[in-house]
Amino acid sequence: MAPVRFGIPLYEYQALDVIGPLDVIAGTSVSLLKHYEEGGFIRKGFHENGLELEFYHIIETTHKSKPKNLELENLDVVATVTTADCPQIDYLLFGGPLPTYKLSDEMNAFIKDRVAKNEIKTIFTTCTGAAVLAQTGLLDGKRATINPGLLDLVPQMYPAVKWADKSEKVNWVIDGNIWTANGACTGMDMFAHWLIQQCGEELAKFQFGTLGYAPRGIDGKLLDL
């Protein structure tokens with residue numbers, strides 16, 4: 001099985017915007033499921049629907065040796081790769097920083113280059129991460145959502161994006177290969193939806209159970225699993 005590679009640009013996002021969605025899917029790792037099988041916790045062969053997951057936390061070339069402090073939680077995070085040595089990736093995830101955050105020219109160019117090479121299957125954003133992606137121009141003409149507190153402001157900041165109206169009452173928006181969630185926890189729900197598509201309901205339900213987590217649908221109602 002080919003690895004499923006997630007790239008996460010590293011900047012001052014809210015920790016849960018990234019850690020929450022990644023934890024939703026991390027427990028479906030084939031190696032972890034095999035470990036459970038060997039311990040007798042799950043049936044043999046359960047790992048066959050799992051994923052070979054790889055996570056790459058990406059930073060600018062001049063900053064790799066410096067931990068990035070996520071100021072809201074006072075948490076230091078160290079990048080695993082730079083824009084120069086990041087391998088081919090399948091997915092991008094943008095966590096949400098302060099609305100005033102400006103993407104660096106180097107990271108902006110890296111993102112657009114990887115998309116132009118057609119290697120990115122899906123781009124995910126959580127909370128204000130949609131405003132980061134909007135800075136690349138990749139959201140122009142696309143439907144998207146963002147933290148509800150910014151829905152009145154972002155049309156002025158990024159008028160080329162088709163921002164969801166508050167009246168739509170959707171927790172995430174899918175437009176082609178771009179998925180945008182309006183918060184950290186709704187980002188987890190969005191990833192739960194993706195996980196069900198990738199691994200099937202049985203494995204996804206097992207993973208949700210290990211987290212004590214009950215995912216909701218796009219309308220905010222609990223899923224019937």
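Quick note: the coordinates plus some simple rules give every number you see, no bench work behind them. Everything numeric in this text was worked out from a predicted model, so none of it was measured. Here the Cβ positions follow ideal geometry from the backbone for every residue, glycine too, while neighbour counts run over all protein chains shown.
Label-to-label distance for residue 106 and residue 201 is 4.7 nm, based on points extended 7 Å past Cα in the beta-carbon direction.
In the chain, taking the dipole from charged Cβ atoms about the Cα centre, the farthest positive-side position among 164, 118, 11 is held by 164. Scoring 204-210, 216-222 by mean Cβ neighbours within 10 Å over their residues and listing the highest first yields 204-210, 216-222.
Given the pairs 66/102; 68/102; 44/221; 121/162; 66/117, which are separated by over 25 angstrom at their Cα positions? Kindly include the intermediate steps, with their values, before the conclusion.
On the way: 66/102 19 Å; 68/102 15 Å; 44/221 33 Å; 121/162 21 Å; 66/117 29 Å.
Cα-Cα > 25 Å for 44/221; 66/117; rest within.
From the P(r) of segment 4-211, can you give the percent of Cα pairs sitting at distances over 31 Å?
Details: 4258 of 21528 pairs.
Counting pairs separated by more than 31 Å, the tail of P(r) holds 20 percent.
When both bridge partners sit in segment 13-123, DSSP labels roughly 40% of those beta bridges antiparallel. Taking segment 44-73 and a reference point 7 angstrom along Cα→Cβ of residue 37, the backbone N atoms nearer than 12 Å belong to 44-51.
Can you show me the helix-derived [θ] at 222 nm for the chain, built from DSSP H runs with n ≥ 4 at -39,500 (n - 2.57) apiece and divided by the number of residues, rounded to the nearest 500. Show your work: numbers first, answer last.
Values: 7 runs with 70 residues, N = 225.
Rounded to the nearest 500, the figure is -9000 deg cm²/dmol.
Footprinting exposure proxy ranking of 36, 91, 13, fewest other C-beta atoms within 10 angstrom first, gives 36, 91, 13. Using only side-chain charges placed at the Cβ, +1 for Lys and Arg and -1 for Asp and Glu, the dipole size of the chain relative to its Cα centre rounds to 240 debye.
Among 86, 188, 62, flag the residue with its Cα farthest along the positive direction of the charge dipole of the chain, charges on Cβ as +1 for Lys/Arg and -1 for Asp/Glu. Projecting each Cα onto the dipole axis, the largest value belongs to 188. In order along segment 58-63, the phi-based Karplus estimate (6.51 cos²θ - 1.76 cosθ + 1.60, θ = phi - 60°) of 3J(HN,Hα) comes to 9, 9, 5, 4, 7, 10 Hz; Gly and Pro are listed as x.
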